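*Asks:* If you scroll down you'll find the structure; I have some questions about it.
The values are calculated or read from the model by the stated rules, or taken from the named source; none is laboratory data. Since this is a predicted model, take the numbers as computed values, not measurements. For neighbour counting, all protein chains shown are included, and Cβ atoms are generated from backbone atoms with ideal geometry for every residue, glycine included. Side chains included, ligands, DNA and RNA excluded: accessible areas come from the protein's heavy atoms. Shrake-Rupley method; radii C 1.70, N 1.55, O 1.52, S 1.80 Å.
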Amino acid sequence: MKLRGLYAITDSKLLADGRLLPYVEAALRGGARLLQYRDKTTDESRRLREAEALRELCERHGAELIINDDAELAARLGVSVHLGQTDGSLAAARALLGRKAIIGATCHGSLELAAQAVAEGADYVAFGRFFNSLTKPGASEA
């Protein structure tokens, strides 16, 4: 599988107060082809509503929706997932989501973690942070 195009990531804190959908639609109109829905809150009903709306936007714009940290929600919506180091097994996510789903893995700055993720079936690996980040304060640099 070849992944191409701009990969945009949402943030529930930065896109609060009704800004999520219009900002995401602008990113999709601007060419984003992969969209990661990242929301660390525990409001499951809001997360489901937002993820469903994002799935519809992504379908309309020919983009792929990727749910951050929640393979169960991704399976419920029939979309893809990105997992951090403590968010569950890549193999379990693959079994749940099937071969067509995109599965990504966070590797921080570690080539060893990247090799392990690829061996476990990840379609892509993510490294970061490379710059200071307000959304991940205290994260180590890659």
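*Asks:* Could you run the Karplus curve 6.51 cos²θ - 1.76 cosθ + 1.60 with θ = phi - 60° over the stretch 98-104 and give me ³J(HN,Hα) per residue in whole Hz, x for Gly and Pro?
*Replies:* Each residue of the stretch 98-104 in turn: x, 5, 6, 6, 8, 10, x Hz.
*Asks:* Rounded if a/c is under 1.5, else prolate if a/b is larger than b/c, else oblate: which is the stretch 67-142, with a ≥ b ≥ c the root eigenvalues of its Cα gyration tensor? The partial results should precede the final answer.
*Replies:* Values: a/c = 2.65, a/b = 1.57, b/c = 1.69.
Cα axes put the stretch 67-142 in the oblate bin.
*Asks:* Right, next: How many percent of DSSP beta bridges within the chain run antiparallel, rounded to 5? Numbers along the way, then the final one.
*Replies:* Details: 0 of 17 bridges.
Bridges in the chain that DSSP calls antiparallel: roughly 0 percent.
*Asks:* If you rank VAL118, VAL125, VAL79 by how much accessible surface each has, with a 1.4 Å probe, what is the order from largest down? Display every interim value, and only then the final one.
*Replies:* Details: VAL118 90, VAL125 45, VAL79 15 Å².
Ranked list, largest accessible area first: VAL118, VAL125, VAL79.
*Asks:* On a full-extension model of 0.36 nm per residue, what is the gain between ALA115 and ALA142, subtracting their alpha-carbon distance, rounded to one decimal in nm? Don't skip to the end; give the middle numbers.
*Replies:* Values: separation 27, 0.36 × 27 = 9.72 nm, distance 1.56 nm.
So the extension gain works out to 8.2 nm.
*Asks:* Another question about this same structure. Can you put LYS100, LYS2, LYS40 in order of accessible area, largest first, using a 1.4 Å probe? Please list the in-between numbers first.
*Replies:* Numbers: LYS100 190, LYS2 155, LYS40 125 Å².
Most to least solvent-accessible, the answer reads LYS100, LYS2, LYS40.
*Asks:* Give the share of C-alpha pairs in each 10 angstrom bin for the stretch 29-95, from 0 to the last occupied bin, in whole percents, shortest bins first.
*Replies:* P(r) for the stretch 29-95, in whole percents per bin: 21, 53, 24, 2.
*Asks:* Give or take rounding to whole Å, what are the principal axis extents of the alpha carbon atoms in the chain, in descending order?
*Replies:* Sorted largest first, the three principal extents are 39, 35, 30 Å.
*Asks:* Within 10 Å of each candidate Cβ there may be at most 13 other Cβ atoms; applying that plus a DSSP loop requirement, which chymotrypsin sites (Phe, Trp or Tyr not before Pro) in the stretch 43-142 survive? Working shown, then result.
*Replies:* On the way: sites: TYR124, PHE127, PHE130, PHE131; in loops: PHE127, PHE130, PHE131.
In loop regions of the stretch 43-142 (DSSP not H, G, I, E or B), the sparsely surrounded chymotrypsin sites (Phe, Trp or Tyr not before Pro) are PHE130, PHE131.
*Asks:* Also, I was wondering about something else. What percent do you get for the relative contact order of the chain when only Cα pairs under 8 Å and 6+ apart count? Present the calculation step by step, with values, prior to reporting the outcome.
*Replies:* Details: 224 pairs, mean separation 21.9, N = 142.
Over the chain, the number comes to 15 percent.
*Asks:* Using only the alpha-carbon atoms, what does the stretch 19-63 span along each of its principal axes? Please give whole angstrom values in decreasing order.
*Replies:* Principal-axis extents of the stretch 19-63 (Cα, largest first): 30, 16, 15 Å.
*Asks:* Across the chain, how many lysine pairs, 8 or more apart or on two chains, come within less than 15 Å at their alpha-carbon atoms?
*Replies:* Numbers: LYS2/LYS100; LYS13/LYS40; LYS13/LYS136; LYS40/LYS136.
The result is 4.
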